[in-house]
Structures are given as C-alpha cells and as structure tokens.
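To start, the structure under review is shown below, and the notes come after it.
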Amino acid sequence: MTAARREDEVMELARRRGFIWAAFEIYGGASGFFDYGPLGAALKRKIESLWREFYTLGEGFYEIETTTIGIRDVFDASGHLECFMDKMVECKKCHSLFRADHVGERCPDCGGEFSEPQDFNLMFKTRIGAVTSVGGKSEAYLRPETAQGMFVNFPRLLRFHRNKLPFGIIQIGRAYRNEISPRQGIIRLREFTLAEAEVFVLPHEKNKHPRFHEVEDVVMRLKPNYMDEEIEITVKEAVERKIIAHEYLGYHMARVQQFLEKIGIPVERLRFRQHEHDEMAHYAEDCWDAEFLSDRFGWVEIVGIADRGDYDLSAHSRKAKVDMSVPVVTGGEEAEGAREGNENLSVFPHVIEPSYGIDRIIYALLESSFYKEEVRGEVRRVLRFKRCVAPVEVAVLPLLNRKELVNKAKEVFQMIRSHGIFAEYDASGSIGRRYRRQDEIGTPYCVTIDYETLENDTVTIRDRDSMKQVRVSIAELPAKLRGDVESMFTFSR
RNA sequence: GCGGCAGUGGUCUAGCGGUAGGACACGGGCCCCCCAAGCCCGUAGCCCGGGUUCGAAUCCCGGCUGCCGCACCA
C-alpha cells in the first residue's frame, strides 16, 4: 500500500483529490471498473471536447451517437463473436486456465489432464426483452468498440453526405470488454471510453489525401514491424519510402500526434509502433499504435490507427444482404480500381480508423504531468496540466481570512465566473497552503486579493509553474485570464 | 484464472489474543500582508462473512480488492 514509487504516487493523488478511484468501493470493489470523481470527470470532459473539436472543426467530420448494446447479428458479421472468443481449457488438477490453441495435451505447470475446451468471449452478453430462449434478436452484446455503430449506419450516412466520398464520422462513448484478469489500474478496464473516427475512402484514393501537405513535415518516431529499431522521420518521407502504406494512414497518424501534443502529452514520450502480422486484430489490414512511454508500465498503447480495409462494410453487406459498395465514378482523373468499359463497377469503401483510448490518455496525462520538488524543506506536488485541460482554470484567494478581503475576493470570484471561466474560491488556511492545494490539482493560475486591492482595484495573478506573480487591474482580469496570461509569465521562466 | 504476499481514519503508519495510538490531511478558532509555519479545539479507522476463544484488528477458513510472478490482453 505504501506509495513508494513516483508513479503510484500519482494515482494516490488522483484518488485523494477526486480525479479517479475504484468503483463500488463501499462493497469492496470490482476489478476493472473505475469511477471519475469531480476533477477527473472535468478533465475527461475537457479532453473529449477538444477531441470533438479537433475532428469536427478540424476535419469537417460529423459526430453520431449509436447504441452501446448491439444485437447478435452485428457482432456475428463483424467477427467479434468468433474472433473475440477464446477456446479455453482448464487443468483438472491445478485448475490453471489456458488458451486451447496455445497449449498441448497436458498442463505445462503440473502435467495434469485438461477439461473439454470451453468458450470464453471477451464481450459482455445480455438479453433483450423477456425472452429466455437462445438465439434470435434476444441475444445481445455490450459493444467492444464504438466502430460498429458507424458501419451499420453506413447507408444512411452515405446518403447524408449526398453519396460523396471521402467522409469521416466520429463517436465518443463507452465500450466493454470482459477481460480475464484486468490489472494495471485504468490501463486495462472492463468498461472504458473510446473516441473513434471512421474515415471512409475509396481504395484507389488512399494515397492522395487532399490535406496531406499540411502535415507532411510532422516528424514522428516510428517502429515499423520489419525493423528492430525506431526511426525519426517526417510523414512525407515515411509515405514516400512506403514505411507508412499510404497518405491517408500517414495523415491520420500525424493528426493523432498533433492532438496528443495539443492536450499536453510530451512528444518525446510518444512513438508509433506497427503491429506484427500475427498481432493484428481480425479486421485490420495494417495498424499502428501510438504508444506512450509510461514510467510505470513501459510502452502503452493509447491510440490505434488501423486500416480496416473493406472488412467491415463487406462483412455487413454479406450478413445483412444490403449492398454497401459504392459506384466508382471515373471522372477527370482515372481511378486505378475502375477498369475501362465497365461502367457499373462498384467497390467497398475502405476505412481508416484512429481509435483513442480516453482513459489511457488520462493516465498518460496524469503521469507525465506529475511533478514533485522540494521548496523550503517541504514537498511540492504539481500537476502541470496545460490550461486547456485543467479541471479548475483559476482559484480566487483572499490573502488573509479577513472580512474586508473576503468580501472583495468573493466579488472577484463571482465576476470571473460570470465571464464563463470556471473558478474555485478558497479562504481556508495560509496562503501558501492554498497555493499548494491548487498546484496539486493542476490549477494554472491563482488570483490573490490583498490590501493593495482595496486601495487601487488590482489583484495578483500567480502562475503555477514559475510561482511568479504579476499585478493586473480587476477590470482587465477576465480578458487577461481568457487571453494572453501565458505571455505574462513566459519571460520569467 | 493459478501461485506467493498484503489489506487499520481521507492519506501514510504503530499495535499482532485483553477491546485502537501517532503523523499528515480535513473542519472550527487564534495569529498572520504571499508559497503546506505555530498554538488551541474538533471530525474520522481495524476490507467483508463465518469459525476458534471468556475475549479477535491480531489465530483459522472462505470471499473481495491490491501488489509480484505465470497465463490472458481480440
């Protein structure tokens, strides 16, 4: 229980200060389930909003919201029913469990005999309605990814986009996987949040992304599956040298990196690792994981960028008997897939999918933001969140708990909130203690009301990272907090 | 899921068969004009269930949870 390691200390802080904790604690807990507290939920909400903006405003994608329960047909077609399933055998002697295809006739531990293989599916199964029979529409599953909701709605989405490709669809939501034994805290959860984009593109257009030039100079750290070491390379060069298969994949990998940097994941702790062929999910043609270098867990996947090919659309077309292929329009530029003289040619769009594990990103952010130093013999713990994700944007503090300062401080507090800035008020304990409280939850700025405030209506803004202060007038405070606060401290760091 | 170890206020810990003590945090007060100072007061705990015993936080069994190793992580 001792929080000896720095990394464990972060999670201790997260629990203590209301970011995240084990679910069902009063009943002893349940492995693989966590709840977000007041600050964690705020942090998560901010990350999700930034993500949403990044893809809607940034890419012009629309967001949809589909059911978290899926009927059997969906996961039958998607392959999850079969491929998410492991045949498990149990040793009759020592009761160890093994995957049937990973093990021989006898238990490798004790040499005991195995039971008959039994199915273990990673999907949570449920039933629809008061039906007790097996099969049919009564059988349902909690989705293991949000993606299927976007695939099964493809015909309507295509019509919505007036039959024009490419287009992208995003979705943020919960997904569920009944892990055999989840560990590693919020790295492996049984219920978690995914933020996924499905980009539908004609196969012969995968190598010409209209905005590729905007990201072509982005330098990324790549670990291709046929190489033993990592290389640092621009996206442009990686695509030219076929290290990354095509522009669409390269473009979205670069965008993933840009998003992660934007919310404050240090780029030097990031790499993109290409899946080995035997490691690839059943639906993937190619897949690169954006991995975060954790002090605690080593390289951890936080985003997967997969080329799902036409796997899902063709599978649902077959199963549902609804043709989701699209006609290939041979316009001015000739299309590779379109053969001459064949006017009725149609193809299944391919899907490029960046899939973000929000909970893991939150862990990565907590771990990499955590900073500890000694100030005057006391430990100072700081979460160095970027302002765009900080749960509390500013704290308003009267220098002393005196009536005249408190009244003025409450006035300023209300004023700041009326400008749409989320603030916290705290008058309890010494000013130093209150600064430390805010440091620990990552509040970037503290506004302090002192006796000078009463004289000339100015307050100080204290910067979390430099602990420096500048004095501004109350009148210009909202504008400063909204706008160029950072610049007021950049030279003093 | 298997094996080993462990679970005491919010956090960290002392106690290891006679009924819980500390530190920090938190709340109230005093003091205080800027980075967890000091003083006073207060709130708050033996993971859950069974058993052994006159008596269990302490010993035994089961469960849950966590850590380490193995397996699993489509």
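The values are calculated or read from the model by the stated rules, or taken from the named source; none is laboratory data. What you are looking at is a predicted structure, and each value in this text was computed from that prediction instead of being measured. Cβ sites come from the backbone with ideal geometry, for glycine too, and all protein chains shown count toward neighbours. Heavy atoms of the whole protein, side chains included, go into the accessibility calculation; ligands, DNA and RNA do not. Shrake-Rupley method; radii C 1.70, N 1.55, O 1.52, S 1.80 Å.
Some observations on this one:
- In nm, spacing of pseudo-spin labels at A:Ser181 and A:His419 (7 Å Cα→C-beta vector): 5.5
- Probe 1.4 Å, protein heavy atoms only - accessible area per residue of the range A:392-492 in square angstrom: 46
- Remark: the range A:392-492 carries a charge dipole of roughly 280 debye about the Cα centre, counting +1 on each Lys and Arg Cβ and -1 on each Asp and Glu Cβ.
- The overall shape of the range A:344-409, judged from the alpha-carbon gyration tensor, is oblate: a/c is not under 1.5, and a/b is no greater than b/c.
- Per-pair calculated FRET efficiency, R0 = 30 Å: A:Asp8 and A:Glu276 via Cβ, rounded to 0.05: 0.45
- Couplings for the range A:437-454, taken from phi via the Karplus curve 6.51 cos²θ - 1.76 cosθ + 1.60 with θ = phi - 60°, read 4, 5, 4, 5, 9, x, 5, x, 9, 10, 9, 10, 9, 10, 5, 5, 4, 5 Hz in order; Gly and Pro are left as x.
- A DSSP coil position with no more than 12 other Cβ atoms inside 10 Å describes the following GluC sites (Glu not before Pro) in the range A:40-76: A:Glu65.
- Expressed as a whole percent, the accessible surface of the range A:392-492 that belongs to carbon and sulfur atoms is 52, based on a 1.4 Å probe.
- For chain A, the relative contact order is 11 percent, taking Cα pairs closer than 8 Å that sit 6 or more residues apart in sequence and dividing their mean separation by the residue count.
- Approximate spin-label separation A:Asp465-A:Cys388, in nm, with each point projected 7 Å along Cα-to-Cβ: 1.4
- Our coupling estimate for the range A:224-233, obtained by passing each phi through the Karplus curve with A = 6.51, B = -1.76, C = 1.60 and θ = phi - 60°, is x, 6, 9, 10, 8, 10, 8, 10, 9, 7 Hz, Gly and Pro reported as x.
- Magnitude of the charge dipole, chain A, Cβ model with Lys/Arg +1 and Asp/Glu -1, debye to 20: 2000
- Binned Cα-Cα distances of chain A, short to long, each 20 Å bin given as a whole percent: 19, 47, 28, 6, 0
- A simple spin-label model places the labels of A:Asp228 and A:Glu404 7.5 nm from each other, with each point 7 Å out along Cα-to-Cβ.
- Residues whose amide H lies under 5 Å from that of A:Val347, counting only those 5 or more places away or on a different chain, are A:Val326, A:Val328; hydrogens are built 1.01 Å from N in the peptide plane.
- Stretchable slack from A:Arg16 to A:Lys242, in nm (0.36 nm times residue separation minus alpha-carbon distance): 76.6 nm
- Between the Cα long axis of helix A:6-16 and the first principal axis of chain A there is an angle of about 80°, rounded to the nearest 10.
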